[in-house]
1. Out of (1) without any contact (Cβ under 8 Å) to a residue 12 or more places away in the chain; (2) farther than 27 Å from ARG143 by Cα; (3) not charged (D, E, K, R), the odd one out for SER35 is which?
2. Just to be sure I understand, how many residues within the range 85-120 are assigned to a helix (DSSP H, G or I) and buried (at least 16 other Cβ atoms within 10 Å of the Cβ)?
3. Does MET29 satisfy being part of a helix (DSSP H, G or I), touching a His at 6+ places or on another chain (Cβ under 7 Å) and at pLDDT 95 or above?
4. Might you check whether a residue that is in contact with a strand residue (DSSP E or B) (Cβ under 9 Å, 6 or more places away or on another chain), surrounded by 14 or more Cβ atoms within 10 Å (Cβ to Cβ) and either over 30 Å from LYS137 (Cα atoms) or aliphatic (A, V, I, L, M) (or both) occurs anywhere in the range 75-82?
5. Does any residue in the range 81-101 that is touching a residue at least 40 places away in the same chain (Cβ under 8 Å) and within 18 Å of GLU12 (Cβ to Cβ) come within less than 8 Å, Cβ to Cβ, of a residue that is aliphatic (A, V, I, L, M) and assigned to a loop (DSSP other than H, G, I, E, B) six or more places away or on a different chain, and which pairs are these?
6. Name, by its number, the condition in (1) part of a helix (DSSP H, G or I); (2) polar (S, T, N, Q); (3) at pLDDT 95 or above that does not hold for SER35.
7. Identify the residue in the range 42-78 that is free of Cβ contacts under 8 Å to residues at least 60 places away in the same chain and of a type in the set (S, T, N, Q) and, among all such residues, is farthest from VAL113 (Cα to Cα).
8. Please state which one of ARG36, ARG19 is buried (at least 16 other Cβ atoms within 10 Å of the Cβ), charged (D, E, K, R) and closer than 30 Å to ILE144 by Cα.
Amino acid sequence: MITLHNSASSGETYLNLHRAFGVSLLFWMIARVISRVISPTPASVPMPKWQTAVSHLTHLLLYAVLFAMPLSGILMTWYGGHSIDMFGLFELQSILTTDRGQARFFNNLHTDVLWPTLMVFTGLHILGAIQHQFIKKDNIMSRIK
């Protein structure tokens with residue numbers, strides 16, 4: 001349920017922005033997957049099969065974490081009995097019954113599992129891009145459009 005919302009107290013500003021950007025990330029990821037499905041796949045860059053497999057696995061896991069991160073934050077917030085303030089424009093009201101145990105579970109998943117996993121796969125992705133761009137010089141960055 002969406003309701004109009006008045007501005008929050010200054011003490012909650014950071015958390016409200018964090019939540020709103022998280023929900024925004026979820027919608028950007030949905031748009032990215034739709035774009036990926038309807039757009040033609042760029043030409044393959046020749047590389048060993050193991051590198052292709054690692055690349056595909058890393059991308060798949062990065063996508064999974066980029067969906068799981070905002071979903072776990074939304075579930076943590078809603079199970080905690082809170083709504084999500086979307087940049088002061090409106091609120092996404094909780095559609096779940098408050099359950100502190102579930103809120104803690106999703107908090108732990110969000111902060112202790114998904115955040116470090118996101119950092120690892122983002123780092124691997126960046127290192128792979130740097131290796132291709134500056135060491136192999138195989139023009140793989142041209143695939144990103």
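1. Exception for SER35: condition (2).
2. 9
3. Numbers: part of a helix (DSSP H, G or I): yes; touching a His at 6+ places or on another chain (Cβ under 7 Å): no; at pLDDT 95 or above: yes.
No: the conditions fail for MET29.
4. Within the range 75-82 (the criterion being in contact with a strand residue (DSSP E or B) (Cβ under 9 Å, 6 or more places away or on another chain), surrounded by 14 or more Cβ atoms within 10 Å (Cβ to Cβ) and either over 30 Å from LYS137 (Cα atoms) or aliphatic (A, V, I, L, M) (or both)), the answer is yes, since at least one residue qualifies.
5. ASP85/ALA8; GLY88/ALA8; LEU92/MET1; GLN93/MET1
6. The single condition SER35 does not satisfy is (3).
7. This residue is SER44.
8. The conditions single out ARG19.
The values are calculated or read from the model by the stated rules, or taken from the named source; none is laboratory data. Since this is a predicted model, take the numbers as computed values, not measurements. Cβ: placed from backbone, ideal geometry, glycine included. Neighbour counts: every protein chain shown.
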